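> The structure follows.
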Amino acid sequence: MGLLHYLAHSIPLRHFIENKLFRPARSFKKLTAAASFDQSLHALAHQDAAAYAYEHFKAAAYFQSKKELYDFLIAKISPVNGLLLECGVYKADTLNYFAGKLNSRQWHGFDSFEGLPEDWGGGEKGKGAFSLGGKLPSVKRNVQLQPGWFEHTVAPFLHNQQQPVAFIHLDADLYSATKTVLEASTPYLQAGTLLLFDEYFGQIGWREGEHKAFAEWLPGSGYQATCLAYAANGAVLWQLQK
């Protein structure tokens, strides 16, 4: 009974069992539960987005990657006269891709380069995410950057131009930032303007982001919109009509 008594009352042994055996098992259980919950959230968001696309985008082209959608887009931009904008530049990867594909025209990129102005609901990206500390990224020769917050840059820039807007890549992520760009650019749009939303649907909470901003803006814009194409990762291309 001495050994059993020792095993039952030994504090060092109990600490060993707790820390080396039970605690890792509990931690693993928590990790697997969190992973399962995360997968379920994403699965529900994807199912919701797929059902939405199936119902509303039956006549649109579908692509499995953004690159395929981008190449489709370039062909659609070419015949539309006007300004080419990207709102949400970050490191300018997409903007440089567009500018390289359509290098006969000038591109304009808008970004604070100081990150998100607020938390991005539905994900782990908080205020300040995607910040470059105000430093401008390297861009192609046919790209002009307009640093600053959208509410201070988009409308003043467009007001001083002699052309309407042909294309806007809305990669602002947030509902508020997307709504700001749409409202600021409304007087300068035209029938035929192309709007590409980078995170239109499919993310957790996607109905509260770019999708919501566009749905609220469109009825009062004076335009109708047709979805031309969309991609599996949530990018959606619209064209405006009177």
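The values are calculated or read from the model by the stated rules, or taken from the named source; none is laboratory data. None of these values were measured; they are calculated from a predicted model. Reconstructed Cβ throughout: ideal geometry from the backbone, glycine too, with neighbour counts over all protein chains shown.
> Do you know which residues across segment 123-162 are in contact (Cβ under 8 Å) with a residue 60 or more places away in the chain and under 24 Å from Trp206 (Cβ atoms)?
Pass one, segment 123-162, residues in contact (Cβ under 8 Å) with a residue 60 or more places away in the chain: 123, 150, 154, 158, 161.
Correct list: Gly123, Phe150, Val154.
> Go through Ser104, Ser112, Ser78 for me and flag whichever is within 21 Å of Gln190 (Cα to Cα) and among the hydroxyl-bearing types (Ser, Thr, Tyr).
Details: Ser104 fails: within 21 Å of Gln190 (Cα to Cα); Ser112 fails: within 21 Å of Gln190 (Cα to Cα).
Just one listed residue meets the conditions, Ser78.
> Looking only at segment 121-131, decide whether some residue is in contact with a strand residue (DSSP E or B) (Cβ under 7 Å, 6 or more places away or on another chain) and buried (at least 17 other Cβ atoms within 10 Å of the Cβ). Steps first, please.
Here is the first cut: in segment 121-131, the ones in contact with a strand residue (DSSP E or B) (Cβ under 7 Å, 6 or more places away or on another chain) are 131.
If we keep only those that are buried (at least 17 other Cβ atoms within 10 Å of the Cβ) as well, we get none.
Within segment 121-131 (the criterion being in contact with a strand residue (DSSP E or B) (Cβ under 7 Å, 6 or more places away or on another chain) and buried (at least 17 other Cβ atoms within 10 Å of the Cβ)), the answer is no, since none of the residues qualifies.
> Scan segment 193-242 for residues that are part of a strand (DSSP E or B), of a type in the set (Phe, Trp, Tyr) and out of contact with any Ser or Thr (no Cβ under 9 Å at 6 or more places or on another chain) and report the count. Can you show your working first?
Start the filter on segment 193-242 by keeping residues that are part of a strand (DSSP E or B), which leaves 194-197, 224-231, 236-241.
Okay, now just the ones that are also of a type in the set (Phe, Trp, Tyr), so 197, 230, 238.
Remaining after also requiring out of contact with any Ser or Thr (no Cβ under 9 Å at 6 or more places or on another chain): 230.
Count: 1.
> Which of (1) surrounded by 14 or more Cβ atoms within 10 Å (Cβ to Cβ); (2) at pLDDT 95 or above is the odd one out, the single condition Gly205 does not satisfy?
Going through (1) surrounded by 14 or more Cβ atoms within 10 Å (Cβ to Cβ); (2) at pLDDT 95 or above one by one, Gly205 breaks only (2).
> Does Ala60 qualify as being at pLDDT 65 or above and surrounded by 11 or more Cβ atoms within 10 Å (Cβ to Cβ)? Talk me through it step by step, then tell me what you get.
Numbers: at pLDDT 65 or above: yes; surrounded by 11 or more Cβ atoms within 10 Å (Cβ to Cβ): yes.
In short, yes.
> Also: Of the numbered conditions (1) modelled with pLDDT of 90 or more; (2) part of a loop (DSSP other than H, G, I, E, B), Pro156 satisfies every one except a single condition; which is it?
(2)
> For residues in segment 216-232 being hydroxyl-bearing (Ser, Thr, Tyr) and surrounded by 15 or more Cβ atoms within 10 Å (Cβ to Cβ), which is farthest from Thr193 (Cα to Cα)?
Taking segment 216-232 first, the residues hydroxyl-bearing (Ser, Thr, Tyr) are 221, 223, 226, 230.
Now restrict to residues that are surrounded by 15 or more Cβ atoms within 10 Å (Cβ to Cβ): 221, 223, 230.
On the way: Ser221: 13, Tyr223: 10, Tyr230: 16 Å.
Filtering segment 216-232 for residues that are hydroxyl-bearing (Ser, Thr, Tyr) and surrounded by 15 or more Cβ atoms within 10 Å (Cβ to Cβ), the one farthest from Thr193 (Cα to Cα) comes out as Tyr230.
> A further question follows. Kindly check whether there is at least one residue in segment 147-167 that is of a type in the set (Phe, Trp, Tyr) and under 30 Å from Ala43 (Cβ atoms). Spell out the reasoning first.
First, pick out the residues of segment 147-167 that are of a type in the set (Phe, Trp, Tyr): 149-150, 157, 167.
Next, only the ones that are under 30 Å from Ala43 (Cβ atoms) stay: none.
Within segment 147-167, not a single residue is of a type in the set (Phe, Trp, Tyr) and under 30 Å from Ala43 (Cβ atoms).
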